[in-house]
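The values are calculated or read from the model by the stated rules, or taken from the named source; none is laboratory data. Small disclaimer: the values here were computed from a predicted structure and weren't measured. All Cβ positions, even for glycine, are placed from backbone atoms using ideal geometry, and neighbour counts span all protein chains on display.
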Amino acid sequence: MEKEKIIIDTDPGIDDAIAIIFALHNPKFDIKLISTVAGNVDVEKTTTNALKILSEYKKDIPVAKGSESPLINTLETCESVHGNTGMDGYDFKKPIKSCLKNHAVNEIYKILKESDTPITIVALAPLTNIALLLSLYKDVKHKIKRIVLMGGAINRGNSSPSAEFNFYIDPEAAKIVIDSKLDIVIVPLEIGMKSLIYKDDCEKFKNLNKTGEIFYNLFKHYRGGSLQTGLKMYDPTVITYLEKPEIFTTQKVFVDIETTKTYVYGHSIIDLKNKLNKTPNVTICTDIDANKFIEWFNNSMKMCE
């Protein structure tokens, strides 16, 4: 079976790290590039973290450093969740290689331009890089197979009362991407909140393999849930969707992003009941089979080193 070509745009980030590691070990994916952006921590740290992950597993995949700030706003980072480095808890080896010299947006453009088949963009971070790509390089839009992203919230937010972190950090970028008329799949905040890994599995992972040890040590320091109540796997659910879309419930809906600077700045308007009578522009995941997610997660962990 032909592998799916993907570009991962990311801001590692503890949950990003596990999503990347699972993608690296999944035989269904051909990762063409990892592009980094500021988000969970600043872009220097997210780039270093991506390089550390690849060095840890001796994977020769190019990394390109991207945007250091949102399109308009001052960057707000999230060290309180991910630690000062963005991946506190595990002593990763120093990177063997450096990132590419060109900006991530230019590298994504180059890969799309040269590809003979469309490529899926896997977005685990604020959408600054992807918005710039779509604004600057319209000639490769047809080379994007789809964008599968973690972002937005159907109900309450986690960075403000109404906005999820990735959309809150760069609402203008999120709006550009959502308005692009591309094939877009949103895996929102609520899916990660239902995709829980519990203490018993964590204890098993610790002695399973290197990835299990990394997972255990990273997530001891992670504030996205707890070992007692369940760890919320936000970004890994995007990789789940790519491999196992059948365990998700999805709906074609109209989505817009609030970009006026009010209390609801960054809010994702998700019209599940078609109250606005607008043409659907996004596929949104509204539910996940939590038991099948745990099964997938365990299998993915076993595939890793």
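Yes or no, residue by residue, for (1) over 15 Å from Ile288 (Cβ atoms); (2) among the aromatic types (Phe, Trp, Tyr); (3) part of a helix (DSSP H, G or I); (4) touching an Asp or Glu at 6+ places or on another chain (Cβ under 9 Å):
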| residue | (1), (2), (3), (4) |
| --- | --- |
| Ile147 | yes, no, no, yes |
| Gly157 | yes, no, no, yes |
| Ala174 | yes, no, yes, no |
| Leu182 | yes, no, no, no |
| Ile186 | no, no, no, no |
| Gly192 | no, no, yes, yes |
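When residues in segment 204-249 are screened for being in a loop (DSSP other than H, G, I, E, B), farther than 15 Å from Ala23 by Cβ, within 20 Å of the chain's Cα centre (by Cα) and not hydroxyl-bearing (Ser, Thr, Tyr), 3 of them pass.
Which count do you get for residues in segment 86-132 that are part of a loop (DSSP other than H, G, I, E, B), closer than 18 Å to Lys5 by Cα and touching a strand residue (DSSP E or B) at 6+ places or on another chain (Cβ under 8 Å)? Working first, answer last.
Initially, segment 86-132 is screened for residues part of a loop (DSSP other than H, G, I, E, B), giving 86-103, 115-118, 124-127.
Checking the rest, the ones that are also closer than 18 Å to Lys5 by Cα come to 115-118, 124.
If we keep only those that are touching a strand residue (DSSP E or B) at 6+ places or on another chain (Cβ under 8 Å) too, we end up with 115, 117-118, 124.
Residues in segment 86-132 being part of a loop (DSSP other than H, G, I, E, B), closer than 18 Å to Lys5 by Cα and touching a strand residue (DSSP E or B) at 6+ places or on another chain (Cβ under 8 Å): 4 in total.
Residue-by-condition table, conditions (1) modelled with pLDDT of 95 or more; (2) under 25 Å from Ile8 (Cβ atoms):
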| residue | (1), (2) |
| --- | --- |
| Lys199 | no, no |
| Ile214 | yes, yes |
| Thr229 | no, no |
| Ile257 | yes, yes |
| His267 | yes, no |
| Ala290 | yes, yes |
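Identify all residues within segment 161-196 that are buried (at least 24 other Cβ atoms within 10 Å of the Cβ), farther than 21 Å from Met233 by Cα and not small (Gly, Ala, Ser); write none if there are none. Once the filter is applied, which keeps residues that are buried (at least 24 other Cβ atoms within 10 Å of the Cβ), farther than 21 Å from Met233 by Cα and not small (Gly, Ala, Ser), segment 161-196 yields Asp170, Pro171, Val177, Ile178.
So, of the residues in segment 250-305 that are among the aromatic types (Phe, Trp, Tyr) and in a loop (DSSP other than H, G, I, E, B), which turns out to be farthest from Leu24 (Cα to Cα)? Reasoning before the result, please.
Taking segment 250-305 and keeping what is among the aromatic types (Phe, Trp, Tyr), we get 254, 263, 265, 293, 296-297.
Subset that is in a loop (DSSP other than H, G, I, E, B): 263, 265.
On the way: Tyr263: 39, Tyr265: 35 Å.
Looking at residues that are among the aromatic types (Phe, Trp, Tyr) and in a loop (DSSP other than H, G, I, E, B), I get Tyr263.
Among the numbered conditions (1) buried (at least 17 other Cβ atoms within 10 Å of the Cβ); (2) more than 16 Å from the chain's Cα centre (by Cα); (3) not basic (Lys, Arg), the only one that Glu68 does not meet is (1).
Within segment 8-30, can one find any residue that is in a strand (DSSP E or B) and of a type in the set (Val, Ile, Thr)? Checking segment 8-30: at least one residue is in a strand (DSSP E or B) and of a type in the set (Val, Ile, Thr).
Considering Ile7, Ile20, Ile14, the condition of being in contact with a strand residue (DSSP E or B) (Cβ under 6 Å, 6 or more places away or on another chain), among the hydrophobic types (A, V, I, L, M, F, W, C) and surrounded by 24 or more Cβ atoms within 10 Å (Cβ to Cβ) is satisfied by Ile7 alone.
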